[in-house]
Amino acid sequence: MSIQPPMTELPIKTASAGFYRGFSVDVTVVSKIIIGLLVVWCIVWPTSAGTVLGNWNTAILANFAAWYIWVVAMFVIVCIGLAIWPTAGRLLLGQPGERPEFSNFSWFSMMFGAGIGVGMLTWAVAEPVAHFGNNPEVIQGLTSGGTADNVRMAYKWSFLHWGLGAWACYAICGLSLAFFSYRRGLPLTIRSGLTPLFGSALSGILGTIIDIVAVVATILGVAQTLGFGVEQFVAGLTRIGIGGLMNADGGATTVGIIVALLVIMGASTLSALSGVGKGIKWLSNINMVLSIVLLGFFIIFGATWFGATAMIVGLWDYLVALPQLSFNVFRSDGVEGSEAFLLSQWQGWWPVFYWAWWIAFAPFVGLFLARISRGRTIREFVLGAMIVPALMCFVWFAWAGGTAIDLELNGGANGVIFDAANGDKIFAMTEFMLAPIADALAWAMALLIVVLLMTFLVTSADSAVLIVNTINAAGDEGPKSRPHIIFWGAALGLVVAGLLISGGTGAIQTAMVIGALPFSVVMALMCIALIKAIYNDGRRENAGVPAVHSEIEGATGNGLSAAE
């Protein structure tokens, strides 16, 4: 059979009038019902919700840990392989001659801010500190927790969780959406990424289910990020003198959670109403500048040499160990307290949890990356959306986390940093560094971190709201989605509040791990579909058959519409 042009049309039924005009009613309404039921369940029956979600989470971690580990390894291999593959790497994510909409600085700023930016302010300090105390090498007796010989292991595991695997989850989703939307002319929604496998069947119930799964995963993934951010935001407000927001245990009170969410979600809704090119772009640029200022402070005034050593040695250890770490699954022997049990438990708490988090975050970040990356090549996309952000994470972990570890080992901190809550560690560290010089400087640095945290949180929240509306509107980014922005902004805030109040960040983590599982299957299929589509585009090029939407408009005989 002679090869034919690819599928360039995927009709998705949307309402022609009324409140849902321009939206897929099935996707939008079912998604709202699922999220609404989750909120009501967690707020009205918090104990029951916590117990059931916990049981589901335990079952998933016990039965699907290997799946999460291996599927993320697949994403890394596919992304790097496509960048290296000559036929794929040079393909433009757009029509011939298209140029990128955003400058490299704005492009990278929006990627980093929406992808992981907010996590840096919590985990760049907290995670190296956590692994410095305990990791698989400590469990196996190969190193001693809390001592200088465990620093390298702390960075090897920190870099694993925030390195290529994390960004490959985002990149594979974004690459698939950009490829099929901007080269094929298909709707900018999750189902489009599976057209080489399922063809026109995605116009029906199958495509509806895929988009619903993506919306629910997005809300739960962003809720996870906002949950951590809200607690850190409350800690920051307390540090700058706003009292009554934290309890005696160092956690946010219900009042603190509500105040933080009103500020964050109110600002993010206003930003979302202004669109990607205005509010989100400018917020991303602002938080990138502020983050550079804060990072520069740690590099210059923190543990400069310790951080540089951690960066170089940690990166080497990570790259050398990456093949083994990417596929290794710790198997539990079922004996509580045994080495095998503790290793399996640790992997569930850390790598498996992170892979689920990045996968749940992927439909939001991936669609957002696709939205801002039109006009770039696949090789450029992988470099900008996977390699560079991972290196930026490593820099943060090396100097921010390295400063905390060095201050505890050699600087006389005596537990001031290590004993603080995770979200409060960065505030405790900067206060320890600056208070002896001037309390005003310590207060000013805490204020800068609070402002930076807020811009990161607002960027993540408003981007998520816009992306959810884009999926619900069958890939249409037009202004008709604006009446629904306020609803999803409020819904996202209520999900975070409900889960935090019913069980703290642990409840959010549990819901997110559950929500990520079905979408991980969708992402695995997206990998296969993308490889198949690019391979067939190479065949089309050799046969002189058009493969880009603008070149095949008006063409007939779309013989590969069902299977590329």
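The values are calculated or read from the model by the stated rules, or taken from the named source; none is laboratory data. These figures come from a predicted structure and were not determined experimentally. Heads up, the Cβs are rebuilt from the backbone with ideal geometry, glycines too, and the neighbour counts pull from every protein chain shown. Heads up: the accessible areas ignore ligands, DNA and RNA and are worked out on the full protein's heavy atoms, side chains in. Shrake-Rupley method; radii C 1.70, N 1.55, O 1.52, S 1.80 Å.
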Original post:
Helix 304-327: angle to the longest alpha-carbon principal axis of the chain, degrees 0 to 90, nearest 10?
Top reply: 50
**OP:** Could you rank Trp316, Trp358, Trp67 by how accessible they are, 1.4 Å probe, largest area first?
**Re:** Trp316, Trp67, Trp358
Original post:
At a probe radius of 1.4 Å, what is the per-residue accessible area of Tyr535, in Å² to the nearest 10?
Top reply: 130
**OP:** Using amide H atoms built 1.01 Å from N in the peptide plane, name the residues 5+ places from Thr377, or on other chains, whose amide H lies under 5 Å from its own.
**Re:** Leu93
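First measure r as the distance between the Cβ atoms of Leu441 and Ala543, then evaluate 1/(1 + (r/R0)^6) with R0 = 51 Å and state the FRET efficiency to the nearest 0.05.
Working: r = 67 Å, r/R0 = 1.32.
E(calc), rounded to 0.05, equals 0.15.
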Subject >> Once the Cα gyration tensor of the stretch 343-403 is diagonalised, semi-axes √(5λ) in Å >> reply: 26, 18, 9
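Work out, in µm²/s and without decimals, the Stokes-Einstein translational diffusion coefficient of the stretch 82-200 at 37 °C, 0.692 mPa s, Rh from Kirkwood over C-alpha pairs.
Numbers: Rh = 17.6 Å.
Translational D for this selection: 187 µm²/s.
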Subject >> Part-to-part distance (alpha-carbon centres) for the stretch 97-175 and the stretch 401-439, which is given in Å >> reply: 21
Subject >> Label point distance in nm, Val25-Leu319, each placed 7 Å from Cα along Cα→Cβ >> reply: 5.6
Subject >> Nearest 10 degrees, 0 to 90: helix 205-239 Cα axis against the chain principal axis >> reply: 20
Original post:
At 37 °C and 0.692 mPa s, what whole-number value in µm²/s does Stokes-Einstein give for the translational diffusion of the chain, with Rh from the Kirkwood sum over Cα pairs?
Top reply: 137
Original post:
Where Rh is the Kirkwood radius over the Cα pairs of the stretch 1-110, the temperature 20 °C and the viscosity 1.002 mPa s, what D in µm²/s does Stokes-Einstein return?
Top reply: 106
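Between Trp349 and Leu206, what length comes free when the chain is fully extended (0.36 nm per residue of separation minus the Cα-Cα distance, one decimal in nm)? Can you show the working numbers first?
Working: separation 143, 0.36 × 143 = 51.48 nm, distance 3.29 nm.
Gain in length upon complete extension: 48.2 nm.
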Subject >> Full-extension gain in nm, Asn410 to Phe487, via 0.36 nm per residue minus C-alpha separation >> reply: 22.7 nm
Original post:
Asp249 versus Lys532, label points 7 Å from Cα toward the beta carbon: distance in nm?
Top reply: 5.0
Original post:
Going toward the positive end of the dipole of the chain, with +1 on Lys and Arg Cβ and -1 on Asp and Glu Cβ, which of Phe64, Ala473, Leu315 do you reach last?
Top reply: Ala473
**OP:** For helix 151-162, report the angle its Cα long axis makes with the longest principal axis of the Cα atoms of the chain; keep it between 0 and 90° and round to the nearest 10°.
**Re:** 30
